[in-house]
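Novice: For reference, the structure I am asking about is given below.
The values are calculated or read from the model by the stated rules, or taken from the named source; none is laboratory data. This structure is a prediction, so every number in the text was calculated from the model and none was measured. Cβ coordinates were reconstructed from backbone atoms using ideal geometry, including for glycine residues, and neighbour counts include every protein chain displayed. All accessible areas refer to the heavy atoms of the entire protein, side chains included, with ligands and DNA or RNA removed. Shrake-Rupley method; radii C 1.70, N 1.55, O 1.52, S 1.80 Å.
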Amino acid sequence: MSEEDTYIRAKLTDINGAIERLTQMLNRMIEVISAITEVQENTSELTLAVNANTERLDEIIRLVKELELAAPVAAGAGGPSLADKSAVSNLQSVLDTLETQVREGVIASDLAQKINESAEILEGKGAASAIIVKMQRWTRILRTYGRVDTISPADLSKLRTDIKEWSKDISKMR
């Protein structure tokens with residue numbers, strides 16, 4: 001074998017090594033691009049879920065504001081016993097509205113805000129302070145979650161149970 005053949009063989013070996021390194025680098029780049037695509041898809045899904053929750057919250061806030069506006073009219077329409085019953089019904093409707101928000105996949109920070117708003121409404125309408133304290137406790141619990149974290153199924157179950165107890169307490173006021 002001549003010196004020229006040895007030189008060509010060495011150059012071909014170098015080229016082959018370079019091609020293998022390029023192939024490995026391209027494979028890694030493809031993996032990174034795949035991971036970025038997955039992250040973008042997950043972000044899109046999260047954005048859709050957050051938008052759906054926001055729309056639902058807006059709807060509930062609108063309903064609560066309508067209840068706030070309707071409460072003074074209903075209270076002035078009848079005698080004191082009718083007003084008491086109306087106030088209890090309004091308190092119950094606030095809890096019913098809150099209960100519709102408690103579902104799988106709800107964002108903890110959104111629900112914490114809704115519970116806090118409901119507690120303020122109930123407090124303004126004269127609900128028992130024990131109920132308000134329990135609602136504020138749930139607000140603090142839900143704020144321990146991350147900004148866009150969903151609520152764990154165990155906490156959802158406990159919250160549903162507490163809302164049922166709050167409803168029972170309000171119905172006892174009748």
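Novice: From the list ARG140, ARG160, ARG147, exactly one residue is in contact with a Ser or Thr (Cβ under 7 Å, 6 or more places away or on another chain) and either at negative phi or not β-branched (Val, Ile, Thr) (or both). Which is it?
Specialist: From the options ARG140, ARG160, ARG147, the qualifying one is ARG147.
Novice: Counting only residues that are under 18 Å from ASN53 (Cβ atoms) and without any contact (Cβ under 8 Å) to a residue 24 or more places away in the chain, which one in segment 146-166 is surrounded by the fewest Cβ atoms within 10 Å (Cβ to Cβ)?
Specialist: My answer is SER152.
Novice: Follow-up. Go through segment 26-51 residue by residue and tally those that are open to solvent by 90 Å² or more (accessible area, probe 1.4 Å), over 30 Å from SER109 (Cα atoms) and either touching an Asp or Glu at 6+ places or on another chain (Cβ under 8 Å) or not β-branched (Val, Ile, Thr) (or both).
Specialist: Within segment 26-51, residues that are open to solvent by 90 Å² or more (accessible area, probe 1.4 Å), over 30 Å from SER109 (Cα atoms) and either touching an Asp or Glu at 6+ places or on another chain (Cβ under 8 Å) or not β-branched (Val, Ile, Thr) (or both) number 4.
Novice: Part of a helix (DSSP H, G or I), modelled with pLDDT of 75 or more and open to solvent by 80 Å² or more (accessible area, probe 1.4 Å): which single residue out of ILE8, ILE61 fits that description?
Specialist: Just one listed residue meets the conditions, ILE8.
Novice: Look at segment 135-164 and say how many of its residues are of a type in the set (A, V, I, L, M, F, W, C), more than 10 Å from ALA112 (Cα to Cα) and part of a helix (DSSP H, G or I).
Specialist: 4
Novice: Follow-up. Any residue in segment 23-52 that is closer than 17 Å to ARG147 by Cβ sitting within a Cβ distance under 8 Å of a residue that is part of a helix (DSSP H, G or I) and hydrophobic (A, V, I, L, M, F, W, C)? List the pairs, counting only those 6 or more apart or interchain.
Specialist: Qualifying pairs under 8 Å: none.
Novice: If you don't mind, there's one more thing I want to ask. Is there a residue being open to solvent by less than 70 Å² (accessible area, probe 1.4 Å) and under 20 Å from ALA52 (Cβ atoms) anywhere in segment 133-145?
Specialist: Yes, some residue in segment 133-145 is open to solvent by less than 70 Å² (accessible area, probe 1.4 Å) and under 20 Å from ALA52 (Cβ atoms).
Novice: Would you mind stating whether ILE121 is open to solvent by 60 Å² or more (accessible area, probe 1.4 Å), part of a helix (DSSP H, G or I) and modelled with pLDDT of 80 or more?
Specialist: no
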